[in-house]
Amino acid sequence: MTRPVIVALDLDNEKKLNELLPKLGKPENVFIKIGMELFFNEGPAIVKELSKQDYRIFLDLKMNDIPNTVYNGAKALASLGITYTTIHALGGSQMITAAKEGLIAGTPIGKNVPKLLAVTELTSISDEILHKEQNCNLSMEQQVLSLTETAKKAGADGVICSPLEVKSLRQNVGDNFLYVTPGIRPAGNDKDDQSRVATPAQAKEWGSTAIVVGRPITRATNPEAAYEAIKKEFN
Ligand code: C5P
């Protein structure tokens, strides 16, 4: 099986989407990440439509609420035809389990249940915020590991993490789990606002299940060629 390269669209409206998508190649060869910007502006209809066109979709909404609300939210998302979606591991094991149950309940008969990925600590959270605002006494590394273990026990299918964390998480949490990693830059690309990055080849070597790549593809002169080159390097 080829390992997925997911294009982070980071767009906020359908017009921009329609300009970019045809430049990425045939829908059945394209895996896209849709975030809050597009979803909140255009609504679930756009996700359904793209799924109908055969795009594979990672819907990144990072749910975090009481278990009953997340169950109902996840159930609704499961009818849109998506492959991956996200929750915050900080919402706790009951919430994670509820999300998974909601996805199962909402998946139409004969379709695959979307994979549930947990976000541990956001990369925007510094050690200082972790200790002073979240009042967490663990190191960032211990906290990420602990949340990953919680997510796995509660029924998540994987985590979003840095490619630099995959090796140690695989050792501690095991291989029977998905490790989906942003923060990817092919050699020679601008790092933009990412600080610790890996190339697609390094992500492969270190064990990423799938990589999320935005600007190196979306801002390339030839996005399809850039996308295909990254797929090749990762596989
Ligand atoms: O353009 P770039 O390749 O940096 O985009 C990476 C994508 O992954 C963006 O959608 C970004 O929000 C997301 N992301 C990230 N780092 C994380 C979590 C998500 O870059 N830790």
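The values are calculated or read from the model by the stated rules, or taken from the named source; none is laboratory data. These figures come from a predicted structure and were not determined experimentally. Cβ: placed from backbone, ideal geometry, glycine included. Neighbour counts: every protein chain shown. Please note that ligands, DNA and RNA were not included when accessible areas were found on the heavy atoms of the full protein model with its side chains. Shrake-Rupley method; radii C 1.70, N 1.55, O 1.52, S 1.80 Å.
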Q) Taking the condition on the phi < 0 side of the Ramachandran plot, open to solvent by 70 Å² or more (accessible area, probe 1.4 Å) and small (Gly, Ala, Ser), does SER195 pass? A) yes
Q. Looking at the stretch 10-29, which of its residues are part of a helix (DSSP H, G or I), within 16 Å of the ligand (Cβ to nearest atom) and either at pLDDT below 95 or of a type outside the set (A, V, I, L, M, F, W, C) (or both)?
A. LYS16, LYS23
(Q) Among (1) open to solvent by less than 40 Å² (accessible area, probe 1.4 Å); (2) within 16 Å of the ligand (Cβ to nearest atom); (3) over 23 Å from MET1 (Cα atoms); (4) of a type outside the set (Val, Ile, Thr), there is one condition CYS161 misses while meeting the rest; what is its number? (A) (3)
Q. Among the listed residues LYS152, LYS132, which satisfies the condition of being under 21 Å from ASP60 (Cα atoms), away from the ligand (no atom under 15 Å from the Cβ) and open to solvent by 20 Å² or more (accessible area, probe 1.4 Å)?
A. LYS152
Q) Just checking, which of ILE32, ILE87, ILE6, ILE57 is surrounded by 15 or more Cβ atoms within 10 Å (Cβ to Cβ), assigned to a strand (DSSP E or B), of a type outside the set (Asp, Glu) and out of contact with any Leu (no Cβ under 9 Å at 6 or more places or on another chain)? A) ILE6
Q: Go through the stretch 216-235 residue by residue and tally those that are within 11 Å of the ligand (Cβ to nearest atom) and in contact (Cβ under 8 Å) with a residue 40 or more places away in the chain.
A: 3
